[in-house]
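The values are calculated or read from the model by the stated rules, or taken from the named source; none is laboratory data. Keep in mind the model is a prediction, meaning the values are calculated, not measured. Counting neighbours? That spans all protein chains shown, and the Cβs are built from the backbone with ideal geometry, glycine included.
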Amino acid sequence: MEKQSFTNTGNKDTRSGFGAGLLELGRTNESVVALAADLKGSVKMDAFAKEFPDRFFQAGIAEANMIGVGAGLALSGKIPFVASFAAFVTGRVYDQIRQSVAYSETNVKICASHAGITLGEDGATHQILEDIGLMRMLPHMVVINPCDYNQTKAATIAIAEYRGPVYLRFGRPGVPNFTPEDQKFEIGKAVRMTEGKDVSIFATGHLVWESLMAAQQLESKGISAEVINIHTIKPLDKKAILESVIKTGAAVSAEEHFIAGGMGEAIAGLLALNRPVPMEYVAIDDKFGQSGTPARLMKAYGLDAQHIAEAAEKAIARK
């Protein structure tokens, strides 16, 4: 498992990483096309649409139709990137994704912005927290949740080379940008951010940075935490996860998602069958979101560094 250095270069939104990656793909791969559902600017497809107007399709407020058109374009040899808010491009169109994309194994890239509780002030109706579960339950679907701008850009470029359905999740708020600009993104390969011997913290998306901050808090108490970035939730890097828990003997999962159906449950299932260890979840337990700033919501729902550090101490105490 690769170890990756990190330096926070400032806050950037991950949806802009998607937009930058898509634009680069447009310049290097003529098969790439983009579809939006009346939210071109919000999902950062505007630069692609301006430079490649013949390869951009505005579906309007008709997400189900957009998925069908995307599947048709894939069957015609194109590589369609279909994008909208995560709440609209998963739950609203699940039947179309199941039948026309997953079951049919069409080469459609479903790109979901404004995911999770950090959507903030738009409130519970838009803060989808079950999307990873919906997508990872579908056969043939790859599920990716990158942690920052640089990794989102790299993931966007990488999934164009993968043949098959992909769900790519990203968000609206500015978050620390700390992974290398020149990184190579490998689908299904976890990245070790810090090495440790007392507890393994498996994090995804915005919670990777919070987990790194938690590791610093734990270090001040003499606790050595290993932080692993699980950017690909399906297929899960089983080898990396098992190697880490064999060494540490305790685990924490950290994600901006419901416990039900999320990364933590996927890891818990793996450990139950192969290496049971004490494990704690940092995730949202069966509650809808509410309106508020991203930072206040993360704290209110226990998705910050302090809660991750506390979960790590609980898992260690159960050894």
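Looking across region 280-319, the residues that are basic (Lys, Arg) and surrounded by 14 or more Cβ atoms within 10 Å (Cβ to Cβ) come down to LYS299, LYS314. Cβ separations smaller than 6 Å between residues 6+ apart or across chains give the following pairs from region 251-279 residues that are surrounded by fewer than 24 Cβ atoms within 10 Å (Cβ to Cβ) to residues that are in a strand (DSSP E or B) and of a type in the set (Val, Ile, Thr): PHE258/ILE284. A single member of LYS3, LYS78 is in contact with a strand residue (DSSP E or B) (Cβ under 6 Å, 6 or more places away or on another chain) and not assigned by TED's automatic domain parsing to the domain that holds GLY171, and it is LYS3. Scanning region 224-247 for residues that are touching a helix residue (DSSP H, G or I) at 6+ places or on another chain (Cβ under 7 Å) and surrounded by fewer than 18 Cβ atoms within 10 Å (Cβ to Cβ) gives LYS238, LEU242.
Against the numbered list (1) in contact with a helix residue (DSSP H, G or I) (Cβ under 9 Å, 6 or more places away or on another chain); (2) at pLDDT below 95, THR28 comes up short only at (2). For ALA250, state whether it is under 18 Å from LEU236 (Cα atoms) and either assigned by TED's automatic domain parsing to the domain that holds PHE202 or at pLDDT below 95 (or both). For ALA250, the condition - under 18 Å from LEU236 (Cα atoms) and either assigned by TED's automatic domain parsing to the domain that holds PHE202 or at pLDDT below 95 (or both) - is not met.
When SER220 is tested against (1) touching a helix residue (DSSP H, G or I) at 6+ places or on another chain (Cβ under 9 Å); (2) farther than 19 Å from ASN145 by Cα, only condition (1) is not met.
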